[in-house]
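> Have a look at this one.
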Amino acid sequence: MTKRALITGLTGQDGSYLAELLLSKDYEVYGLRRRSSSFNTGRIDHLLNDFRHDKNAKLFLEYGDLADASSLARLLYRLHPDEIYNLGAQSHVHVSFEMPEYTGDVTGLGSVRILEAVRESGVRARIYQASSSEMFGSEPPPQNENTPFHPRSPYGCAKVYAHHIAVNYRESYGMHVSNGILFNHESPRRGENFVTRKITQAIARIHCGLQKKLYLGNLDAKRDWGYAPEYVEAMWMMLQQDTPDDYVIATGETHSVREFVIEAFAHAGLDWEKHVEIDPVYYRPAEVDNLRGDASKARVKLGWTPKVGFDELVRIMVDADIESLEERLRRGEEYIKSS
């Protein structure tokens, strides 16, 4: 029997890769999208085009909002999904300092709106809640499922609330809710305002002679970077377990932003020191210095292990951005050279 999944945040990096995975497993996939005057479907256009004229289409976009409980309840009553993946959020840490209330509303309270809609509707769906390594904040590595939370941003605080409310609904109502505590995971679909993608897009523009300088903040921050398509597979694995639980998903390796810069520029044949400058505007009010996850539990219970290493991840992202920019230039799209 075909399973039906609802994904919030379908148009984001993780949502797009998760949709691909579920469609490959013959799911019907429904994605939540906010009403907007502009389209934001670039990451899933290839999927939509595949199904647009197919009478047997299995990918659908539904209007709804994590800030609107009634829209979520109506959707659940109508769809009765077997699985729900709550990936929607205001997920940019720096922006969360500028918009703490909005971040708390969507990223934090959005999760309880989903959970309460499931509880009230009686839909017997298994639920995945996207937690984050940012919840650990300044706790020393390695961080695992038993490490205390010490968030250092409004985003991290909102994610801690979402994580705990998911556990509360699991324990209070017997709901099948699992938290995936995912460490940083990147890809060519990563948002352009995240540091890794900012670096690789700048390299592409420098490589093509369209840019000279890249301005960054703290180069010494260390992160555990993995490959996003592998991480969404872990999400799916969690909901196939008979018993819900919480899992750290990570590579177990840590690399600084500086290492990412050096590796990325070197792969493109560029000297990073000639192009990178520090701008204090990109420093956070409170920094998270070192994140490195221990995914032993996921390895043992889910059978999940990462395959793409740090160097390969960097190469994938650099190559993708250079190839994409070169293709757009070949099509005659105009770019203004920076001074």
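The values are calculated or read from the model by the stated rules, or taken from the named source; none is laboratory data. Please read these numbers as outputs of a predicted model, since none were measured by experiment. Quick reminder, even Gly has a Cβ in these numbers, built from the backbone with ideal geometry, and neighbours come from all protein chains shown.
> What's the total number of residues in region 76-122 that are surrounded by fewer than 23 Cβ atoms within 10 Å (Cβ to Cβ), farther than 30 Å from Tyr282 by Cα and not basic (Lys, Arg)?
Going through region 76-122 one residue at a time, the tally reaches 12.
> Please tell me if Arg74 is modelled with pLDDT of 95 or more and among the basic types (Lys, Arg).
no
> Quick check on region 256-279. Is at least one of its residues in contact (Cβ under 8 Å) with a residue 40 or more places away in the chain and under 23 Å from Thr147 (Cα atoms)?
There is no residue in region 256-279 that is in contact (Cβ under 8 Å) with a residue 40 or more places away in the chain and under 23 Å from Thr147 (Cα atoms).
> If you don't mind, there's one more thing I want to ask. Name the single residue that is farthest from the chain's Cα centre (by Cα) among those in region 286-304 being surrounded by fewer than 19 Cβ atoms within 10 Å (Cβ to Cβ) and among the aliphatic types (A, V, I, L, M).
For region 286-304, the residue satisfying everything is Val300.
> Is there a residue in region 259-276 that is basic (Lys, Arg), farther than 17 Å from Asn218 by Cα, in contact with a strand residue (DSSP E or B) (Cβ under 8 Å, 6 or more places away or on another chain) and modelled with pLDDT of 95 or more?
No, every residue in region 259-276 fails to be basic (Lys, Arg), farther than 17 Å from Asn218 by Cα, in contact with a strand residue (DSSP E or B) (Cβ under 8 Å, 6 or more places away or on another chain) and modelled with pLDDT of 95 or more.
> Report yes if some residue within region 164-171 is part of a helix (DSSP H, G or I), more than 22 Å from Gln90 (Cα to Cα), assigned by TED's automatic domain parsing to the domain that holds Asp319 and in contact with a Leu (Cβ under 6 Å, 6 or more places away or on another chain); otherwise report no.
Checking region 164-171: not a single residue is part of a helix (DSSP H, G or I), more than 22 Å from Gln90 (Cα to Cα), assigned by TED's automatic domain parsing to the domain that holds Asp319 and in contact with a Leu (Cβ under 6 Å, 6 or more places away or on another chain).
> Moving on to the next point. Within the bounds of region 107-124, is there any residue that is part of a loop (DSSP other than H, G, I, E, B), in contact with a strand residue (DSSP E or B) (Cβ under 7 Å, 6 or more places away or on another chain) and among the charged types (D, E, K, R)?
No, region 107-124 has no match at all.
> On to the next question. Any residue in region 124-137 that is closer than 12 Å to Ala166 by Cα sitting within a Cβ distance under 6 Å of a residue that is basic (Lys, Arg)? List the pairs, counting only those 6 or more apart or interchain.
Once the first residue is closer than 12 Å to Ala166 by Cα and sits in region 124-137, its partners that are basic (Lys, Arg) give Ser131/Lys159.
> Which pairs turn up if I take residues in region 74-90 that are touching a residue at least 12 places away in the same chain (Cβ under 8 Å) and not assigned by TED's automatic domain parsing to the domain that holds Trp236 and look for partners that are outside any helix (DSSP H, G or I) and crowded, with 20+ Cβ neighbours inside 10 Å with beta carbon separation below 6 Å, at least 6 apart in sequence or on another chain?
Correct list of pairs: empty, since none qualify.
> Any residue at all in region 258-279 that is among the aliphatic types (A, V, I, L, M), more than 17 Å from Gly137 (Cα to Cα), assigned to a loop (DSSP other than H, G, I, E, B) and outside the structural domain of Asn146 (by TED's automatic domain parsing)?
yes
> Please state which of the following conditions Gly209 fails to meet, knowing it meets all the rest: (1) surrounded by fewer than 18 Cβ atoms within 10 Å (Cβ to Cβ); (2) within 24 Å of Leu325 (Cα to Cα); (3) touching a Leu at 6+ places or on another chain (Cβ under 8 Å).
Going through the list (1) surrounded by fewer than 18 Cβ atoms within 10 Å (Cβ to Cβ); (2) within 24 Å of Leu325 (Cα to Cα); (3) touching a Leu at 6+ places or on another chain (Cβ under 8 Å), Gly209 breaks only (3).
> Is it the case, given these coordinates, that Thr200 is in a loop (DSSP other than H, G, I, E, B) and either assigned by TED's automatic domain parsing to the domain that holds Asn86 or crowded, with 16+ Cβ neighbours inside 10 Å (or both)?
Answer is no for this residue.
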